[in-house]
Amino acid sequence: MRDMIKPSLVLFLVCLFVTAALAFTYNITKDKIAHADEESIRREVLAEADVFNLVDEAQIKSIIGDNADLEIVKAVYEGKKDDETVGYVYSVTNKGYGGDINLIIGINAAGTITGVKVVEHSETAGLGSKVAEEDFLSQFKGITPQSNLKIVLNKANGKDEEIVAVSGATISSKAVMAAVQSALNLHKELINQGGAS
């Protein structure tokens, strides 16, 4: 019996030590990894920029004021290339059908949407989750809306502002569209104020 306990105890202690070492390493590196992932997504949605600087939260809050539609914008990054502002990246969280949908949206200085990426969601698999796919998100890229975005069931008029909903996921589609519209509205106000200070 004693012969069985000693090896089991040694194995338990080795496993405990390895688990503690892995947990310690994870806790040290998780923020660096998350930051690197966020940085790569910012580069993906605003490829023109080399550097991204977080815009002062007080400036963003003063623009948002009591506008509830803009409160879903959580952070704004100024994208620069050769010390010149080329656009902004917006981190937006909106309520979808299954919960929060977190997006990163790039808009260049001319007001053209350069990219939209869903970074996290809890929408229904096979339905609402399709709003995170390129087929849906690509509808936003490259447009400079002249009016508010609108969800439609089919693109009969052919207007850039018309975004075709994912079939069976109208609520999720509208949530993504509203998030992009909030970023566009905040972008317009930020540019009208002369950009980030």
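Is the stretch 162-176 home to any residue that is assigned to a loop (DSSP other than H, G, I, E, B) and in contact (Cβ under 8 Å) with a residue 40 or more places away in the chain? Checked the stretch 162-176: at least one residue is assigned to a loop (DSSP other than H, G, I, E, B) and in contact (Cβ under 8 Å) with a residue 40 or more places away in the chain. Can you confirm whether V86 is outside any helix (DSSP H, G or I), under 26 Å from I60 (Cβ atoms) and in contact (Cβ under 8 Å) with a residue 40 or more places away in the chain? Answer is yes for this residue. Across the stretch 140-158, what is the total count of residues that are surrounded by fewer than 17 Cβ atoms within 10 Å (Cβ to Cβ), modelled with pLDDT of 90 or more and either small (G, A, S) or in a loop (DSSP other than H, G, I, E, B) (or both)? Result for the stretch 140-158: 6.
In the stretch 98-125, the residues that are without any contact (Cβ under 8 Å) to a residue 60 or more places away in the chain and among the hydrophobic types (A, V, I, L, M, F, W, C) form Cβ pairs under 8 Å with partners that are part of a strand (DSSP E or B) and buried (at least 22 other Cβ atoms within 10 Å of the Cβ), at six or more places apart or across chains, as follows: V118/I101; V118/L103. In a residue-by-residue description of the stretch 24-47, the property of being under 17 Å from the mean Cα position of the chain (by Cα), at pLDDT 90 or above, of a type in the set (V, I, T) and under 29 Å from S182 (Cα atoms) applies to at least one position.
Residue count for the stretch 85-110, restricted to those that are of a type outside the set (S, T, N, Q), more than 14 Å from the chain's Cα centre (by Cα) and at pLDDT 95 or above: 2.
I5 falls short on exactly one of the conditions (1) modelled with pLDDT of 75 or more; (2) more than 25 Å from I107 (Cα to Cα); (3) surrounded by 10 or more Cβ atoms within 10 Å (Cβ to Cβ), and that condition is (3). In the stretch 101-139, the residue that is farthest from E39 (Cα to Cα) out of those that are exposed (fewer than 15 other Cβ atoms within 10 Å of the Cβ) and among the acidic types (D, E) is D135. Between G98, G111, the distinction of being in a loop (DSSP other than H, G, I, E, B), in contact with a Lys or Arg (Cβ under 8 Å, 6 or more places away or on another chain) and not hydrophobic (A, V, I, L, M, F, W, C) belongs to G111 only.
Counting only residues that are part of a helix (DSSP H, G or I), touching a residue at least 12 places away in the same chain (Cβ under 8 Å) and out of contact with any helix residue (DSSP H, G or I) (no Cβ under 7 Å at 6 or more places or on another chain), the stretch 130-139 holds 2 of them. Residue check: L127 meets all listed conditions (1) modelled with pLDDT of 95 or more; (2) among the aliphatic types (A, V, I, L, M); (3) farther than 19 Å from Q193 by Cβ but one, namely (1). Being surrounded by 10 or more Cβ atoms within 10 Å (Cβ to Cβ), touching a helix residue (DSSP H, G or I) at 6+ places or on another chain (Cβ under 6 Å) and either free of Cβ contacts under 8 Å to residues at least 60 places away in the same chain or within 21 Å of Q193 (Cα to Cα) (or both), is that true of even one residue in the stretch 47-60? Yes, the stretch 47-60 contains at least one residue that is surrounded by 10 or more Cβ atoms within 10 Å (Cβ to Cβ), touching a helix residue (DSSP H, G or I) at 6+ places or on another chain (Cβ under 6 Å) and either free of Cβ contacts under 8 Å to residues at least 60 places away in the same chain or within 21 Å of Q193 (Cα to Cα) (or both).
The values are calculated or read from the model by the stated rules, or taken from the named source; none is laboratory data. Here the structure is a predicted model, which means the values were calculated and not measured. Note that each Cβ is placed from the backbone with ideal geometry, even for glycine, and that neighbours are counted across all protein chains shown.
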